[in-house]
Amino acid sequence: MRKPAWWEQGIIYEIYARSFQDSNGDGIGDLKGITSRLEYLRWLGITALWITPIYPSPMKDFGYDVANYHDVDPVFGTLADFDNLIEQAQGRGLRVILDFVPNHTSDQHPWFRESRSSRSNPKRDWYIWRNAKPDGGPPNNWISNFGGSGWEWDKATGQYYYHAFLKEQPDLNWRNPEVRAAMHNVLRFWLDRGIDGFRVDVLWHLMKDPQFRDNPPNPAYDPTQPEIDKYLQIHSADHPDTHYVVQEIRGVLDTYKDRVLIGEIYLPIERLVAYYGREAGEAHLPFNFQLLQTPWNSRRVGAVIREYDGIIPEQHWPNWVLGNHDKPRIAARIGHPQARVAAMLLLTLRGTPTLYYGDEIGIAERAIAKEFVRDPWERNEPGLGLGRDPQRTPMQWDGSPNAGFTTGIPWLPLSPDCSTCNVERLSNDPDSILSLYRRLIFWRQGSAALMEGKYRQIEFSGGGDLLCYERRAGSDRAIVLLNFGAAHDAAEAPEFAGLKIAVATHAGREGEIVDAKVKLQPNEGLILAPV
């Protein structure tokens, strides 16, 4: 049998670069700040850090509008700072994954400035330009993911250009081989600097319908939903041709040793797993966001796990995500008590887990007053609760002013509980959520069952809102019991008898030998293992 890849055995930790650690007092996180906190990641047991975009940018979408793919924005530091981060991280046994934003650039990128300079410019076809309809309106009904039409009129050249996100983020034309070659060179530039892989932004958007047909109406659309849901995005995203360009991207990474390709893909499970590829490899890990979108109860969560685990091709490896920079934080979605259960779920499922910075200390979201709103989505569609600022507030390190994040004014206000919810305080509390994460990570890394074992849901008697499953690799096994409810509960099955509690979300139970009937406290999780 082949040796598992590092990304199959590891734990990925997402760092929102602006919010992790500021080193120079400007209130914005930077590369030197991340470097200064590498020991913390090693202490926690992380395998790889994924850093959100650090490229030069006008920051209309905070780095996801790239103006130069071959440099670092001064707000984050320099290429020398990046090289030092790579050296310091890898010297500690940490891998580094960089965000790659290939679907669109900034409208300030030199490529787009050339493209819009005239219809005859050699780079005109590097972006998606179309004539107006006879009535002067947009070419079709495609909607921007941030609200409004996806088409912007360019008066100087008399055509519309397409933008799946902000109008300042024009989409590249990935059907143009020159574009693909240029972007492959971007990949090589950073791979040659020693990075261990890429997380690819909106991977499923890269290719569009070449006939630019209208998207059909969504019959289930609710006006309280984002405007992008008004139509079914069957022509503007997830086009079958996308798989060919992903195969090409994977081909570039495969010329380097031990590199990982992760794809951001918000699609139903059966379409998501298609991005693993068949004969030709595509993404090593098409990000699985199902738990971000599933109601938090044992029945629904258990069903999603069964469906996903059952559909993954045998030669591929699953992955799980419970938090990221685009979705409300775990503690905000399900509450602090259940955040501990979520930690045990994430770190005991089959597949690579991704942690979002701050979830390990239980940061909740804070309401962002109107005058402090930074997120363009919230500004474009106010009142729908779409703002992503609440989950991007600064990391909370200690009880000092601004929680040790900055000596200046933080770019977003900190959570109001930062004086008590911080790394320094929680690392000294053996019963804290941070200590729980660390125990779970180290137990996982020492367990063949949790690292590589098969997944099987266990049938049991009793229990109102419980989920139970086994992980097994040869003779090594672990049973996980999770109480999703706020009441005392119990589960009974013969295979529980004689096992010990190896890890518990509640204090005082580790080492306890259990009977066939296991009692659980409200919002409690247990890992059972042979004595």
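Readers should treat all values here as calculations from the given coordinates under stated rules, not as data from a laboratory. Bear in mind that the values here come from a model prediction, so they are computed numbers and not experimental data. Heads up, the Cβs are rebuilt from the backbone with ideal geometry, glycines too, and the neighbour counts pull from every protein chain shown.
A few notes on this one:
- Remark: spin-label model distance residue 80-residue 417 equals 4.2 nm, labels positioned 7 Å along the Cα→Cβ axis.
- P(r), alpha carbons of the chain - 10 Å bins starting at zero, rounded %: 4, 18, 28, 27, 16, 6, 1, 0
- Filtered trypsin sites (Lys or Arg not before Pro), region 199-234: DSSP coil and at most 15 other beta carbons within 10 Å: 213
- In region 124-213, Rg over Rh equals 1.04, where Rg is the alpha-carbon radius of gyration and Rh the Kirkwood radius from pairwise Cα distances.
- The translational diffusion coefficient of region 1-44, from Stokes-Einstein at 25 °C and 0.890 mPa s with a Kirkwood hydrodynamic radius over alpha carbon pairs, comes to 202 µm²/s.
- Distance violations [Cα-Cα > 26 Å] among 167/257; 123/167; 123/327; 133/155; 133/167: 167/257; 123/327
- Volume per residue that the Cα convex hull of region 27-86 spans, once the total is divided by residue count, Å³: 92 Å³
- With the simple spin-label model, which puts each label point 7 Å out from Cα in the Cβ direction, the residue 521 to residue 241 separation comes to 5.9 nm.
- Percent of Cα-Cα distances greater than 19 Å, calculated over region 454-529: 26 percent
- Take every pair of alpha-carbon atoms less than 8 Å apart whose residues are at least six positions apart; their mean separation over the length of region 122-168 yields a relative contact order of 35 percent.
- Charges were assigned to the Cβ only: +1 to each Lys and Arg, -1 to each Asp and Glu. The resulting dipole of region 454-529 about its Cα centre is roughly 240 debye.
- Beta bridges from DSSP with both residues in the chain: antiparallel share about 60 percent, rounded to the nearest 5.
- q = 0.13, 0.18, 0.21 Å⁻¹, region 388-531: log10 I(q)/I(0) [Debye, one scatterer per Cα]: -0.69, -0.99, -1.18
- Principal-axis analysis of the Cα atoms of the chain puts helix 298-311 at an angle of about 70° to the longest axis.
- Taking packing as the residue-averaged number of other Cβ atoms within 10 angstrom, the listed peptides 309-316, 135-142, 233-240 run from highest to lowest as 233-240, 135-142, 309-316.
- Paramagnetic reach from residue 314 (point 7 Å along Cα→Cβ, amide N under 15 Å) across region 1-45: 1-2
- From the largest down, region 202-273 spans 48, 27, 19 angstrom on the principal axes of its Cα atoms.
- Region 110-162 - Debye-derived log10 I(q)/I(0), Cα point model, q = 0.13 Å⁻¹: -0.31
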